[in-house]
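Peer 1: Could you have a look at this structure, given as structure tokens, before my questions?
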Amino acid sequence: MSYSLPCPPRSSSTLRSPSVHGVCWPTTLVSRNGLFDSATKTKPRRAMTARVSSGMNPEIGERLYLGMDFGTSGARFALIDKQGNIHAEGKREYPEYMSGDTRDRVSSWKVTLFSLLEDIPVHLRSLIASMSVDGTSATTMILDSKSGETLGRPFLYNESCPDALPIVKSIAPENHTVCSGSSTLCKLVSWWNSSYTDKGSVVLMHQADWLLWLLHGKLGISDYNNALKVGYDPELESYPSWLLSQPYSNALPSVIAPGKPIGHLKEDITQKHGFSNDCVVCTGTTDSIAAFLAARATQPGKAVTSLGSTLAIKLLSTRRIEDARYGVYSHRLDDKWLVGGASNTGGAVLRQIFSDEQLEKLSKQIDPSEASPLDYYPLQTAGERFPVADPNMMPRLLPRPESDVQYLHGILESIARIEGKAYSLLKGMGATPVEEVFTAGGGSKNEKWIKIRERVLGVPVSRAIQTEAAYGAALLALKGMEGNI
């Protein structure tokens, strides 16, 4: 089934929250929300906000397909029909729950999941044939495989585990995707070597896997997009022998393709929320791949740059590219490959310097046809992933000119140059050369930035018709029901 649909729906995007760099559990992690310490009683710290909008009314007998996107700062849902028309969509910020001085993300994600289900218009719930969820890549959870209880806090997508990296490099092939401190495998190894928990009955799950488990009840199932950074080989459709020979291999989840039916929605959920008894839960994917699917870039050479809190690049290629030295990896998408990586530059840096009002006002005064002489490398904190994998790279945001317009121009152009270096790197490594770039994320709203990037990249750049990862997750849900439509 093709992910490309004929009817372009409306879209909305927001910049994601700033990324947080830390080190692996149980080491204390410093973030803008405070310190992660020992767990005590859980309590909410602020209320969620919700926005729900309804689209067209479905035809009699028409089935709908639900996608939910769990990003860095909040979650969204999109409800579509077979033609890709949006019937309802909404979003929620994550509530802040605290266990002592530690932010309880597990409770926050769970509450948000069921809040999204409640936000779906009641008259549409019984029409939903299938659902899927995407989550942040390499956000890792270790659970008791018997009870489903979480064993420690989650490892977030951008956390690095330098203690585990030498061990992983000693067992994995040179420059393998897992040979990065932020890989899922490094997080598993770090937990395995530091935890005193009984390891006879543990299972690794990614954020999307865990959220889907809450819906279908079958523990230990993942998809090959999420499982890539734990070492799964999507080309061979199996874990490699060097990984299966390790003592923690018993913790690896079962893996199937994204958008495949896992089972029916749990009975207690269908009864409580009014969903159909035949509603199917399908495997998910990562948030960046869901955003790529939403943009409907279906031909090799087409690419999607997601300008959220960070800059994520996905290029559809006929050739698989893997090189951890540069933070480059490939996700499988049917018979093609999504090649790319993610930089720590992006909108979060802009938000540190300018307000939304300033960004809008100053951008209007920029001449995108003129190149900025300023050369920056905008980062929130030390460390870069792609196109240079350097955990010690320092932010470069000086000198600052007197003119805020010139300063913003310089930052926007510098981010565009980083994007250009990323696509050039992929081409040099053998990927299909980029021919056109669609833009997703909050940065896609800035028309001046799009024109700057088009000049720097030398290819057509435009805002994707649909930019929300939740829409891509809904396409996966539709794909999962392909044989039943």
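The values are calculated or read from the model by the stated rules, or taken from the named source; none is laboratory data. None of the values given here were measured: they were computed from a predicted structure. Cβ coordinates were reconstructed from backbone atoms using ideal geometry, including for glycine residues, and neighbour counts include every protein chain displayed. Keep in mind that these areas ignore ligands, DNA and RNA; they rest on the heavy atoms of the full protein, side chains included. Shrake-Rupley method; radii C 1.70, N 1.55, O 1.52, S 1.80 Å.
Peer 1: Please state the equivalent ellipsoid semi-axes for the stretch 194-254: what are the square roots of 5 times the Cα gyration tensor eigenvalues, largest first, in whole Å?
Peer 2: After scaling each eigenvalue by five and taking roots: 19, 18, 9 Å.
Peer 1: Shifting gears a bit: So what are the radius of gyration and Dmax for the Cα set of the chain, in Å?
Peer 2: According to the Cα coordinates of the chain, Rg and Dmax are 21.4, 63 Å.
Peer 1: Which value, in Å², gives the accessible area per residue of the stretch 331-480 when a 1.4 Å probe is used on the protein heavy atoms?
Peer 2: Numbers: 6110 Å² over 150 residues.
Here the per-residue accessible area is 41 Å².
Peer 1: Summing Lys, Arg as +1 and Asp, Glu as -1, what charge do residues with Cβ under 11 Å from the Cβ of A297 carry, A297 excluded?
Peer 2: +2
Peer 1: In nm, to one decimal, how far is the modelled label at M394 from the one at L244, with both set 7 Å along Cα→Cβ?
Peer 2: Taking the two extended label points, one gets 4.8 nm.
Peer 1: For the stretch 207-281, what is the charge dipole size about the Cα centre, in debye to the nearest 20, if Lys and Arg each add +1 at the Cβ and Asp and Glu each add -1 at the Cβ?
Peer 2: With only Lys, Arg, Asp and Glu charged at Cβ, the dipole is about 180 debye.
Peer 1: Something else now. Could you name the aspartates and glutamates in cross-link range of K91, using Cα to Cα under 13 Å and dropping any fewer than eight places away on the same chain?
Peer 2: D69, E118, D119, E468
Peer 1: Still on this structure, I have one more. Across the stretch 335-420, what fraction of all alpha-carbon pairs, as a whole percent, falls in each successive 10 Å bin from zero upward?
Peer 2: Reading upward from the zero bin: 17, 47, 27, 8, 1, 0.
Peer 1: By accessible area of protein heavy atoms, probe 1.4 Å, what ranking do K266, K361 get, highest first?
Peer 2: K361, K266
Peer 1: Could you list the square roots of 5 times each eigenvalue of the Cα gyration tensor of the stretch 296-345, that is, the equivalent ellipsoid semi-axes, sorted largest first and rounded to whole Å?
Peer 2: With the √(5λ) rule applied to the stretch 296-345, the semi-axes are 18, 14, 7 Å.
Peer 1: Using just the Cα positions, wrap the stretch 371-485 in a convex hull and report its mean projected area in square nanometres, one decimal place. Don't jump to the answer; show the numbers that get you there.
Peer 2: On the way: hull surface 39.2 nm².
Value for the stretch 371-485: 9.8 nm².
Peer 1: What 222 nm value per residue comes from the helices of the chain, counting each DSSP H run with n ≥ 4 as -39,500 (n - 2.57) and dividing by all residues, nearest 500 deg cm²/dmol? Mind dumping the intermediate values first?
Peer 2: Numbers: 13 runs with 130 residues, N = 485.
Estimated from H runs of four or more residues: -8000 deg cm²/dmol.
Peer 1: Over the heavy atoms of S107, what accessible area does a 1.4 Å probe trace out, to the nearest 10 Å²?
Peer 2: Around 40 Å² of this residue is reachable by solvent.
Peer 1: Rolling a 1.4 angstrom probe over the protein chains, ignoring ligands and nucleic acids, what is the accessible area of K302 in square angstrom, nearest 10?
Peer 2: Only protein atoms counted, so the area is about 50 Å².
Peer 1: Got a sec? What order do H409, H123, H206 fall in by accessible area at 1.4 Å, biggest, i.e. largest, first?
Peer 2: From most accessible down to least: H123, H409, H206.
Peer 1: Continuing with the same structure: Have a look at S115, H87, T140 and report the one farthest towards the positive end of the charge dipole of the stretch 87-151, computed about the Cα centre with Cβ charges (Lys/Arg +1, Asp/Glu -1).
Peer 2: Farthest towards the positive end: H87.
Peer 1: With a 1.4 Å probe and all protein chains left in place, how much of the accessible area of the stretch 126-267 comes from carbon and sulfur atoms, in whole percent?
Peer 2: Numbers: 2470 of 4850 Å².
The value for the stretch 126-267 is 51 percent carbon and sulfur by accessible area.
Peer 1: Could you compute the net charge surrounding P58? Neighbours are other residues with a C-beta less than 13 Å from the C-beta of P58; K and R count +1, D and E count -1.
Peer 2: Working: positive: R63, K82, R125; negative: E59, E62, D81.
Residues close to P58 contribute a combined charge of 0.
Peer 1: Give me the distance in nm between label points sitting 7 Å out from Cα along the Cα-to-Cβ direction at R319 and E402, one decimal.
Peer 2: Label at R319, label at E402, 5.1 nm between them.
Peer 1: Still on this structure, I have one more. Quick one: in the stretch 268-402, what % of C-alpha pairs are over 17 Å apart? Numbers along the way, then the final one.
Peer 2: Numbers: 6410 of 9045 pairs.
Value for the stretch 268-402: 71 percent of Cα pairs lie more than 17 Å apart.
Peer 1: For an R0 of 22 angstrom, estimate the FRET efficiency from the Cβ-Cβ distance between K451 and K421 and round to the nearest 0.05.
Peer 2: The value I calculate is 0.70.
Peer 1: With the radius of gyration and the Kirkwood radius both derived from the Cα set of the stretch 222-299, what is their ratio Rg to Rh?
Peer 2: Values: Rg = 16.0 Å, Rh = 14.7 Å.
Dividing the radius of gyration by the Kirkwood radius yields 1.09.
Peer 1: Let me ask something else. Please compute the length gained on full extension between T298 and N277, using 0.36 nm multiplied by the number of residues separating them and subtracting their Cα-Cα distance.
Peer 2: That pair, T298 and N277, stretches by 4.2 nm at full extension.
Peer 1: Give the accessible surface of the stretch 169-221 per residue, rounded to a whole number of Å², with probe radius 1.4 Å and ligands, DNA and RNA excluded.
Peer 2: Ligands and nucleic acids excluded, the result is 33 Å² per residue.
Peer 1: If you count only protein heavy atoms and use a 1.4 Å probe, how large is the accessible surface of Y326, to the nearest 10 Å²?
Peer 2: Roll a 1.4 Å probe over it and Y326 shows about 80 Å².
Peer 1: Run the accessible area of the stretch 54-119 with a 1.4 Å probe and give the carbon-and-sulfur part as a rounded percent.
Peer 2: 44 percent
Peer 1: Tally Lys and Arg at +1 and Asp and Glu at -1 over the other residues with C-beta under 14 Å from the C-beta of I411: what net charge comes out?
Peer 2: Charge balance near I411 sits at +2.
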